[in-house]
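Structure first, commentary second.
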Amino acid sequence: MKTAETIQQVREIVKQWHREGLSVGLVPTMGYLHEGHLNLISRARKENDRVVVSIFINPTQFSPNEDLASYPCDWDRDAASCETAGTDLIFHPEPSEMYPEGFVSFVDMDVLTKELCGLSRPVHFRGVCTVVSKLFHIVQPDRAYFGEKDAQQLAVIRRMVQDLNFDIEVVGCPIVREADGLAKSSRNTYLSAEERQAALVLSQSIFAGKRLAQQGETDAEVIRQAMRQIIEVEPLAKIDYVKIVDLSTMQQIDVLDRPFLAAIAVYIGKTRLIDNFMFQPTGGANV
Ligand code: PAF
């Protein structure tokens, strides 16, 4: 496994792979890798000749009041996990490599980004779109892999790829959960033992909502209320949002007659966690 800290190093390595006719899969991450990331890497490993993992805590997607300074990192552990999972190249740039002095160009979009997480994280998706498009230009992958836990991010990136004509296949991979249901997240590490237990209300709420949808409930408010009630009984939990939105527009819907996303963001103590399920009512199959 190779590691690169500069854009030029990555370009030279990837150019050589392309000259050899090899396909390249990219897994963008902010590090502190968990099984969700490893699942993305192993999917990329299966579908590409070469796999690049980027590890970069992207400052532009954090608001000043968020956890940029305390975001967990463990380079040695991440490098070992990447190697075991079959990564060929880790791109691990310094912030100054990605955002040199004088950097002023950002990628943003008017739709999809103002709802859900965009309401409480106003600069988040601009930062994500900017760094992901930079990574796409630097690595020039054939495929890029993202987790469905960040369902809104996935929708935003798909739209960006379509609108800006990136010749890249965006692959969404299912949420990976702990044995007790909690969705894997680097931020779970912030939770105390008591908060870790309390955090189970997120997945319990998601599972309950999904069961109602599977039973044929088409009134979004019924599902939203059932999901809220599960979270509200937990004293350590504070709801940021519980929403059901059209999967393609991220706009709230009341009648569940099309593919939808039920998404929640909940503070457990100071830690903000998200979870979701996607559903296709016609035919009742998951999307
Ligand atoms: O999902 C993440 O970890 C980040 O938002 C991403 C896509 C790596 C961009 O910084």
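No lab work stands behind these numbers, since they all come straight from the coordinates. Bear in mind the structure is a predicted one, so any value in this text is a computation, not a measurement. Positions of Cβ are backbone-derived with ideal geometry, glycine not excepted, and every protein chain shown enters the neighbour counts.
Just a few scattered comments:
- Phi angles across the stretch 210-220 convert, under the Karplus curve 6.51 cos²θ - 1.76 cosθ + 1.60 with θ = phi - 60°, into 3J(HN,Hα) values of 5, 4, 4, 4, 5, 7, x, 5, 10, 8, 4 Hz, Gly and Pro given as x.
- Kirkwood Rh, angstrom, the stretch 210-287 [1 / mean 1/r, Cα pairs]: 12.8
- Note on the stretch 125-208: Cα-Cα pairs beyond 14 Å make up 69% of the total pair count.
- Fully extending the segment from residue 11 to residue 178 would add 56.5 nm, taking 0.36 nm per residue of separation and subtracting the current Cα-Cα distance.
- Over 30 Å between alpha carbons, listed pairs 184/243; 184/210; 114/210; 15/114; 2/184: 15/114
- The simple spin-label model puts a point 7 Å past each Cα toward its Cβ; for residue 258 and residue 222 those points are separated by 2.1 nm.
- By the Cα gyration tensor, the chain has an equivalent ellipsoid whose semi-axes, rounded to whole angstrom, run 32, 21, 19 from largest to smallest.
- Backbone amide hydrogens, once placed in the peptide plane, bring residue 176 within less than 5 Å of 184, excluding anything fewer than 5 places away on its chain.
- Shape parameters for the stretch 51-92, alpha-carbon atoms, Rg then Dmax in Å: 12.4, 36
- Think of the chain as a dipole: +1 on every Lys or Arg Cβ, -1 on every Asp or Glu Cβ, centred on the Cα centre; then among 91, 245, 133, 245 lies furthest on the positive end.
- The stretch 1-118 - convex hull of the alpha-carbon atoms, volume per residue in Å³: 149
- Acute angle (nearest 10 degrees) that the helix 35-47 long axis makes with the longest principal axis of the chain, alpha-carbon atoms: 50
- Axis angle, to the nearest 10 degrees, between helix 124-139 and the longest C-alpha principal axis of the chain: 30 degrees.
- Formal net charge of residues neighbouring residue 33 (Cβ-Cβ distance under 9 Å; K, R +1; D, E -1): -2
- Site-free segments of the chain were taken between chymotrypsin sites (Phe, Trp or Tyr not before Pro) in DSSP loops having at most 14 other Cβ atoms within 10 Å, sites themselves excluded; the longest one is 107-287.
- Its relative contact order, with pairs defined as Cα atoms under 8 Å and 6+ residues apart, puts the stretch 167-265 at 21 percent.
- Of all DSSP beta bridges in the stretch 36-195, antiparallel share, percent nearest 5: 10
- Paramagnetic reach from residue 197 (point 7 Å along Cα→Cβ, amide N under 16 Å) across the stretch 250-273: 269
- Backbone geometry of the stretch 102-110 corresponds, through the Karplus equation with coefficients 6.51, -1.76 and 1.60 at θ = phi - 60°, to 3J(HN,Hα) couplings of x, 5, 9, 9, 10, 10, 9, 9, 7 Hz, x marking Gly and Pro.
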